[in-house]
1. Quickly run through segment 94-109 and pick out the residues that are without any contact (Cβ under 8 Å) to a residue 40 or more places away in the chain and either touching a helix residue (DSSP H, G or I) at 6+ places or on another chain (Cβ under 7 Å) or closer than 14 Å to residue 126 by Cβ (or both).
2. Do we find a residue being assigned to a strand (DSSP E or B), polar (S, T, N, Q) and without any contact (Cβ under 8 Å) to a residue 60 or more places away in the chain anywhere in segment 214-231?
3. All but one of (1) more than 16 Å from the ligand (Cβ to nearest atom); (2) over 29 Å from residue 2 (Cβ atoms) hold for residue 222; state the number of the condition that does not hold.
4. Out of everything in segment 150-184 that is small (Gly, Ala, Ser) and more than 19 Å from residue 49 (Cα to Cα), what residue ends up being farthest from the ligand (Cβ to nearest atom)?
5. What residue, of 168, 193, 148, is over 30 Å from residue 56 (Cβ atoms) and touching a residue at least 40 places away in the same chain (Cβ under 8 Å)?
6. I need a count of the residues in segment 34-60 that are more than 8 Å from the ligand (Cβ to nearest atom) and under 16 Å from residue 221 (Cβ atoms).
7. Tally time: how many residues in segment 73-86 are over 17 Å from residue 163 (Cα atoms) and modelled with pLDDT under 95?
8. Find all pairs meeting these conditions: Cβ atoms under 7 angstrom apart; at least six residues apart or on different chains; first residue within segment 43-59 and assigned by TED's automatic domain parsing to the domain that holds residue 209; second residue within 13 Å of the ligand (Cβ to nearest atom) and part of a helix (DSSP H, G or I).
Amino acid sequence: MILKADQIGWSVRGTSIVRDVSLTVAEGEMVGLIGPNGSGKSSLLRLLSGVLRPATGQVWLEGRPLAHMRRREIAQAMAVVEQQAETTDRITVRDAVELGRTPWLSALRPWSDVDNAIVTEALAMVKMSDFATRDWATLSGGERQRVHIARALAQRPRVLLLDEPTNHLDIHHQISILQLIAGLSLTTVIALHDLNQAMGCDRLGVMHRGHLVALGPPAEVLRASLLHDVFGVRASFLTDPADGARIIRFHSLS
Ligand SMILES: Nc1ncnc2c1ncn2[C@@H]1O[C@H](COP(=O)(O)OP(=O)(O)OP(=O)(O)O)[C@@H](O)[C@H]1O
């Protein structure tokens, strides 16, 4: 077990947002979080990352309670790509990715060629090397998203938490970013809206009104009855003749 949520809950002004969620993520596993808008996916990710503190229950990172760990220790182990992370600072793309090295730097461990190489590699991994000297503010939404992912990769984490990382990306970059993330062999929890893309995860957790209502392999979780009850859609299952992969088509209930 590398990341574990043990019966965690979180409320805002008396309204329960995440309720009694238990989840264990194994080393190298990619767990997808799916669920309708407002079901609690981002809040759960923020609880797992330590940005929010659970009101009940506890999060464990590599066997230690997250609440007892220092920010820097957490950041050396775990990187987060949040939705709509913005900065108003005038920085270049490379500066933005260099921020990923912050948890590793200290007076005794100043910036070095190793950090430069890691940043260069992270930019290349998301295919943003050509943008390194560009002003971050001039990037498109999809380009910014790739820079955020590069910043997280430059952190060299063992655990990666991503909130809808394919948001804003065109289909080519959606596929290449998901392939990149899957190929990293990191322990990953990723919130996704595209349920066909979510099928590429090792396991899927389904959030519904703050509860984790299902958790298991995609083919077991993504059943017509669950898609009806949680998402309010009718689903039909097709098979891609090219490779036998399962594809879901969605229809309104009316
Ligand atoms: N700080 C807050 N104050 C008040 N309500 C909040 C706060 N944070 C989250 N919520 C509410 O909690 C619910 C869950 O939000 P959350 O962002 O976790 O959902 P989500 O599943 O990620 O949604 P989406 O798919 O739309 O991104 C929503 O109804 C949201 O309005």
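The values are calculated or read from the model by the stated rules, or taken from the named source; none is laboratory data. Since this is a predicted model, take the numbers as computed values, not measurements. With ideal geometry, Cβ positions are generated from the backbone for all residues, glycine too; neighbour counts draw on all protein chains shown.
1. 94
2. No, segment 214-231 contains no residue that is assigned to a strand (DSSP E or B), polar (S, T, N, Q) and without any contact (Cβ under 8 Å) to a residue 60 or more places away in the chain.
3. Of the numbered conditions (1) more than 16 Å from the ligand (Cβ to nearest atom); (2) over 29 Å from residue 2 (Cβ atoms), the odd one out for residue 222 is (2).
4. 183
5. 148
6. 1
7. Total meeting the criteria: 0.
8. Filtered contacts from segment 43-59: 52/43; 52/46; 54/47; 59/47; 59/48.
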